1. Which one is nearest to the chain's Cα centre (by Cα), of the residues in region 230-247 that are within 11 Å of Ser268 (Cα to Cα) and buried (at least 17 other Cβ atoms within 10 Å of the Cβ)?
2. Taking helices (runs of 4 or more DSSP H) that do not extend beyond region 1-112, which have at least 2 residues that are of a type in the set (Asp, Glu) and not assigned by TED's automatic domain parsing to the domain that holds Leu164?
3. Give region 159-191 a look and list any residue that's among the β-branched types (Val, Ile, Thr) and surrounded by fewer than 22 Cβ atoms within 10 Å (Cβ to Cβ), or say none.
4. Find the strands (runs of 3 or more DSSP E) located wholly in region 148-235 whose residues include 1 or more that are among the β-branched types (Val, Ile, Thr), assigned by TED's automatic domain parsing to the domain that holds Gly84 and closer than 18 Å to Trp94 by Cα, and list them.
5. Among (1) without any contact (Cβ under 8 Å) to a residue 40 or more places away in the chain; (2) crowded, with 18+ Cβ neighbours inside 10 Å; (3) not hydroxyl-bearing (Ser, Thr, Tyr), where does Val14 come up short?
6. Please go through region 299-346 and pick out each residue that is among the hydrophobic types (A, V, I, L, M, F, W, C), within 26 Å of the chain's Cα centre (by Cα) and not in a loop (DSSP other than H, G, I, E, B).
Amino acid sequence: MKHIFKLILTTLLVVLFLLLASWFYRILVLMLLARVWRERIKEVRPWAFKVVMWGMVVGLFVTLPRYRYDTSDRVRLIYQDKEGNPKLPPLTHWAFNALFPEEEICNAGIIGGAILPEIIPIGGGIMKDFRRDLWQGKLLNFYAPYSNLNWSLNFPMSGTTAQLFREAGVDSEQSVYVIRPKDFDEEKAYPVVFFMHGYLGIWKLYNGVLKDLDDCIVMGVGTHGLSGIFSHKDISELFTRQLPFLEKLGMKVDKENLHIIGLSNGGSAVNVAYNSFSRKFKTITFISTGIYQTHPIRSKVLLIGGGKDASSGSMPSAYNRLKHNGTKVDKYWQEDEGHFIFVNDRDEIVEFLNRNIHS
């Protein structure tokens, strides 16, 4: 009877292991499995169980979200004080990240999105795009960016946390993502790519894609709350607050080689950049969002979208008008893709961005 109970418990733990997404919780499940079969493990070597358990305890500490910002990680979430200096995050934020890893929040959304019937009107067209991707076999694409981060031992906190606490009126903390260039040379001045995400905050998921950009600093900046709607003041602060912040971190910035990317509601950022700051940016990139003007500018305009995404509907005509009026423009367009093209076609889009950023 005891053996049958162990087999049932083992089966349940294996299913739980397969359903979970974060390394932290998966290691906890493996620890429980080892506990269930500790006598068998001890039969291999008397000390084997202790070695296994201590090895997994070390694994837990490695996979916890990073609390300090002065680490050697390429991808870091760094909190800022009111003067724009780096600071440690509140312990409440760190604890929230440890208990509710972004991977598991995203995982719950994926599972919920897959099982909720189409008749429930949640998320509008974006939710329909998400469900279509899942049923077309693209589910693993939403996990791949996290794996890209974790296999390179990057475990930053979620940038959405600070925005969520601020939206709830709990505090007014601000954080940004900073991705250090590959083979970073502290004597070299690097291009800077600002990434502005939209609704529900700036997820670390996108850093699993952006970390593959070549020879540049990437900075992810979110709105104060969860709206993803950026103002003229937000874009102005990229120059008055965020570039000096990078220099405070010991990075040299090529201020003549700045780029900005807006995704989804982050399109509000690139539309402001287009209208008011185009002389500051070498490229302005629209991803899965609308472009609302086509007057000639000095910046090169990059359009990334899919034919099944309502948010990208203005891109084909905008591309033609931009080309006609002499603005430098390039596009990555897939007729059968929806709102999540940046996740589904991440390798191709990174190649597209690298080519244009360094041209």
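The values are calculated or read from the model by the stated rules, or taken from the named source; none is laboratory data. From a predicted model like this one, the values you see are computed outputs, not experimental measurements. Please note: Cβ atoms are built from the backbone with ideal geometry, for glycine as well, and neighbour counts cover all protein chains shown.
1. Among them, the one singled out is Phe230.
2. Passing ranges, in order: 38-44.
3. Residue satisfying the conditions is Val170 alone.
4. 174-179
5. It fails just one condition, (2).
6. Once the filter is applied, which keeps residues that are among the hydrophobic types (A, V, I, L, M, F, W, C), within 26 Å of the chain's Cα centre (by Cα) and not in a loop (DSSP other than H, G, I, E, B), region 299-346 yields Val301, Leu302, Leu303, Ile304, Ala310, Met315, Val329, Trp333, Ile341, Phe342, Val343.
Each row is one residue, and each column tells you yes or no for (1) over 21 Å from Leu99 (Cβ atoms); (2) touching a strand residue (DSSP E or B) at 6+ places or on another chain (Cβ under 9 Å); (3) at pLDDT 95 or above.
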residue	(1), (2), (3)
Lys6	yes, no, no
Phe17	no, no, no
Ala21	no, no, no
Val58	no, no, yes
Tyr69	no, yes, no
Arg76	no, yes, yes
Gln80	yes, yes, yes
